[in-house]
Amino acid sequence: MRSGQRLGRTFGWLWGAYGTSALGTWLAFGAFPVIAVRVLHAGPAEVAALSCAGAAVGAAAAVPLGPWVEFRRKRPVMIAMDLVRCGALLTVPVAFALGALGFLQLLLVSVVVAAADITFGAACGAYLKSLLPAEDLLVANARFESTSWTATIIGPPLGGAAIGLLGPVATVAADAVSYLLSALGIRAGGGHEPPPAPRGTGRLRAGDLLDGWRHILGDAVLRPLFLHTALFNGLVMATSPLLAVLMLGRLGFEPWQYGLAFALPSVGGLLGARLARPLAARHGQRRVLAVSGTLRALWPAGLAFTGPGTGGLLLVMGVEFGLILCCGVFNPLSATYRLRHTPQDRVARTLSAWSVTTKGATALLTAVWGLLGTLLGPRPAIALAGVLLLATPLPLFPRREARPLEEAGRRTG
C-alpha cells in the first residue's frame, strides 16, 4: 500500500468533504463556552452542563438512529446529517442578531449536533466499507486521521483570531457553512452505492436498538478494543477542563499559550497516521494496536506535574506530543479493524453503538472529574485519572483462546 495510491474520485470527494467539516469544527472549537460566558454571562455550572449534558443527551438521542441508518442508503443520510448540523448551528448567529439568543438554545443546538455527529459517523463508516476493498480501508482511515490532526493544528489558531476580530458567533457561522460545503461535496462525489440490507420487519423494534452492542460484546476481539477505547477516551477527555483551570487559572498561562500547548503537538498525529500502515505491515495489526494503546496510556499522568512558566509549557507540549503520536498510530488501525471485522449489514449499528458509548462515557467521567476537581483540586484529580489510565491497556492483551486481531480481520474482511 503506497502512501500516494489513488482511491478513486468518489473517495476524493468524501475525503474533501470530511476535511472541510473538520476544519469548520476546529475553527469553532470552544466557541459555545465563550458565547455562554461572554454573551450570556453563564457561570461555571452552566458551562460544564453545556459540555456534558449536550454530549450525553445527544448520544442518547442517537441510539435509535443507528438501526435507522442501517437499512437506508448511506450517502443521503450523510448529506441529511450535514444539513441538519448546518441548520442547527445557523440558528445561533440568527438569534444573536435578533437579540434572542439564550442558554437553552445553545444546549439544544449542542444536543442536535452531537446526535447528528454520531449518525454521520455511522453512515460514513458503512459507506466507506462498501466503497473500498478491504485492503484499502487502512489507507483511507489513515488519510482521515491525518486530515483530522491537520485541522486540529490549523483550526484553533485561526478560530481564536476570528473570535478576537469578529466574535465567537462568527466562527459558529463558519462551522455551519463548512457542513453545507461538506454536503455539497458528498453529493458531487456520486458513485454507485449498493442497496441497503433488507429489514426483516417493517417497523423498528426495541431489540434493534441493542444489535450494535450485541455484536460488539459478543465478539472476543471487538469487546476488549471497545472497553479500552471507551475508558481511555473518557478519562483523557475528563481531565481537559481541569487542565484548562490549572493552566489558565492557578499557573497563569495566557490563552494563546494554552492553545499553542495543544496545537503544536498535533503534528504528532500526522506522524503517527503515516506510521500506522508500515508498522502494521511489519509487526502485525494486533501487536501495533496493543503497543500503541499501551504507550498512549502512559503519557497523561505527566500532566499532573505541570508547573508555571516555560518549563511547564514545554512539559505539557511534550506529554501531548507523545500522547497524540500514539493516538495517531492507534486510531486508524482501530477504525480499520472495526470495519473489517463487522459484517456489512451491521456496520452502522455497530459504529453508532460504539460512538454512543464513548461519548456517553466521556460525558459521565467529565462530570465525575469535575466534582473530584472541586473536592481535591485540579492537580490531584488529573493525577488520579493518569493512574487509572495505566490500567486501560489491559483489555488489549486477550487470552490465548481469543482470535488474533489480524487473523480475525482477514477472515471477515
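Some points to look at:
- Residues in region 336-362 that are touching an Asp or Glu at 6+ places or on another chain (Cβ under 9 Å) and either hydroxyl-bearing (Ser, Thr, Tyr) or surrounded by fewer than 23 Cβ atoms within 10 Å (Cβ to Cβ) (or both): Tyr337, His341, Thr342, Asp345, Arg346, Thr350, Ser352, Ser355.
- Total residues in region 280-308, condition open to solvent by 40 Å² or more (accessible area, probe 1.4 Å) and within 24 Å of Pro378 (Cβ to Cβ): 4
- Taking (1) closer than 30 Å to Pro194 by Cβ; (2) surrounded by fewer than 20 Cβ atoms within 10 Å (Cβ to Cβ); (3) not aliphatic (A, V, I, L, M) in turn, Gly99 satisfies each apart from (1).
- Close contacts from region 235-251, counting a first residue that is crowded, with 23+ Cβ neighbours inside 10 Å and a second that is modelled with pLDDT under 85 and not in a helix (DSSP H, G or I), with Cβ to Cβ under 7 Å and a gap of 6+ residues or different chains, come to Met247/Phe253.
- Test: residue in region 143-165 that is over 17 Å from Gly24 (Cα atoms) and touching a residue at least 60 places away in the same chain (Cβ under 8 Å): yes
- Residue within region 108-121 that is closer than 19 Å to Gly185 by Cβ, small (Gly, Ala, Ser), open to solvent by less than 30 Å² (accessible area, probe 1.4 Å) and modelled with pLDDT of 90 or more present: yes
The values are calculated or read from the model by the stated rules, or taken from the named source; none is laboratory data. Because the structure is predicted, anything quoted here is derived from the model rather than measured. We place every Cβ from the backbone using ideal geometry, glycine too, and count neighbours over all the protein chains shown. Surface accessibility is based on the protein's heavy atoms, side chains included, excluding ligands, DNA and RNA. Shrake-Rupley method; radii C 1.70, N 1.55, O 1.52, S 1.80 Å.
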